[in-house]
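Beneath this line is the structure, given in structure tokens, with notes to follow.
The values are calculated or read from the model by the stated rules, or taken from the named source; none is laboratory data. Being a predicted model, the structure only gives us computed values, none of them experimental. FYI the Cβ positions are ideal-geometry reconstructions off the backbone, even for glycines, and counts take in every protein chain you see.
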């Protein structure tokens, strides 16, 4: 590919962000364009005085006007460039997720220096999501490189399923669609093995790309402490936490969700693991369910709600929702019980989440004794220079009556 890219000029405010490590250039920091960049093509970012800051995918329509691929002015964005990036990402998974390569996020967008690309593997199917116009343009090459990299390692992949039904694509001027790439016809359901549990995954209709891979190491933490405990799994979805509690020989497990479909899927997973007699599935609004619970009714409560906010505009309402649900759980747990609480919204930042927990504990009249603090699973890596890659917060506390 030709290295003579069009140039976009960035403001001083934008320059400072990129110098700190940010990998997105926003449209409000765009002050000029030199040349005629094609939508999705690589462009160079420069300051007013011509200092080079990075090269990335250009977007005509998105608020993110450039998603940076490299900050090396000598690099050419060609097939070999993407081959190196994919191989680098795969080598990372082989190091940190060697036991879970068949049930793994292989590419996590900007965290793997492949902006706008998510790739999850479920057995012999890859599920992809593309959120950048530039990545969409080159996806045939990207898919070939993915398959080639896995094949070279002796991994068998039967097909690639595209879950391009995400709203962010509209901001890039891309259609929302889903289906198998290249006319392949394969089943859209499979059974994965997650730390010894069999789980049904529906890649066509399931959440995200079919399943919540980001909590798999956190779910095991519950299994390790569930023995003999009365466990309540709130917002249970397809039963990931409830199943781990049952497998950990909990005294009793109750899984609560407002969705009958999710409960049915959870029950099917319980049957698959011969745990159906160990878990009670309850259809209810979690807030209302906790209001009806007696004090001391549970030894462990898991709060894994859907994102209460998906933008900064609604953070105040989300804060109130998180506070209410955590307060309720603290009141229901017996003295010495354990609260497992998390947030999957990147807009609910760690400092704000911890502030909410302290307020809820004070109002509930309890003290929080920290057991552990973790984040998303290793296959969802976090770049410390880009806070957007850090979104999941996962806390375990012992609840002590003040």
Selection over the range 202-229 where residues are out of contact with any strand residue (DSSP E or B) (no Cβ under 8 Å at 6 or more places or on another chain), under 20 Å from residue 381 (Cα atoms) and not in a loop (DSSP other than H, G, I, E, B) yields a count of 1
Q.
Being modelled with pLDDT of 90 or more, within 17 Å of residue 393 (Cα to Cα) and buried (at least 16 other Cβ atoms within 10 Å of the Cβ) is the requirement here; does residue 319 meet it?
A. no
Residue 295 passes all but one of the listed conditions (1) more than 26 Å from the chain's Cα centre (by Cα); (2) part of a loop (DSSP other than H, G, I, E, B); (3) modelled with pLDDT of 95 or more; the exception is number (3)
| query | If you go through the range 177-194 one residue at a time, do you hit one that is under 18 Å from residue 210 (Cα atoms), surrounded by fewer than 16 Cβ atoms within 10 Å (Cβ to Cβ) and touching a helix residue (DSSP H, G or I) at 6+ places or on another chain (Cβ under 8 Å)? | reply | yes
Residue set 232, 145, 199; condition crowded, with 19+ Cβ neighbours inside 10 Å, assigned to a helix (DSSP H, G or I) and in contact with a helix residue (DSSP H, G or I) (Cβ under 9 Å, 6 or more places away or on another chain); output residue 145
Pairing a residue in the range 282-296 that is free of Cβ contacts under 8 Å to residues at least 24 places away in the same chain with any residue that is surrounded by 12 or more Cβ atoms within 10 Å (Cβ to Cβ) and assigned to a helix (DSSP H, G or I), where Cβ atoms lie under 8 Å and the two sit 6 or more apart in sequence or on different chains, gives none
Residues of the range 356-402 being in contact (Cβ under 8 Å) with a residue 24 or more places away in the chain, assigned to a helix (DSSP H, G or I) and surrounded by fewer than 18 Cβ atoms within 10 Å (Cβ to Cβ), in sequence order, are 359, 363, 387, 388
If we keep only residues of the range 75-94 that are without any contact (Cβ under 8 Å) to a residue 24 or more places away in the chain and outside any loop (DSSP other than H, G, I, E, B), then the residue nearest to the chain's Cα centre (by Cα) is 91
Of the residues in the range 257-277 that are touching a residue at least 24 places away in the same chain (Cβ under 8 Å) and farther than 18 Å from residue 206 by Cα, the one that is surrounded by the fewest Cβ atoms within 10 Å (Cβ to Cβ) is 273
By residue number, the members of the range 261-292 that are more than 24 Å from residue 227 (Cβ to Cβ) and within 26 Å of the chain's Cα centre (by Cα) are 261, 262, 263, 264, 265, 268, 283, 284, 285, 286, 287
In the range 218-239, anything closer than 23 Å to residue 108 by Cβ and modelled with pLDDT of 95 or more is listed as 218, 219, 220, 221
Of (1) within 19 Å of the chain's Cα centre (by Cα); (2) touching a residue at least 12 places away in the same chain (Cβ under 8 Å); (3) exposed (fewer than 15 other Cβ atoms within 10 Å of the Cβ), residue 167 fails just (2)
Note on the range 36-64: residues more than 19 Å from residue 386 (Cβ to Cβ), surrounded by 12 or more Cβ atoms within 10 Å (Cβ to Cβ) and over 28 Å from the mean Cα position of the chain (by Cα) are 37, 38, 43, 44, 46, 47, 48, 52
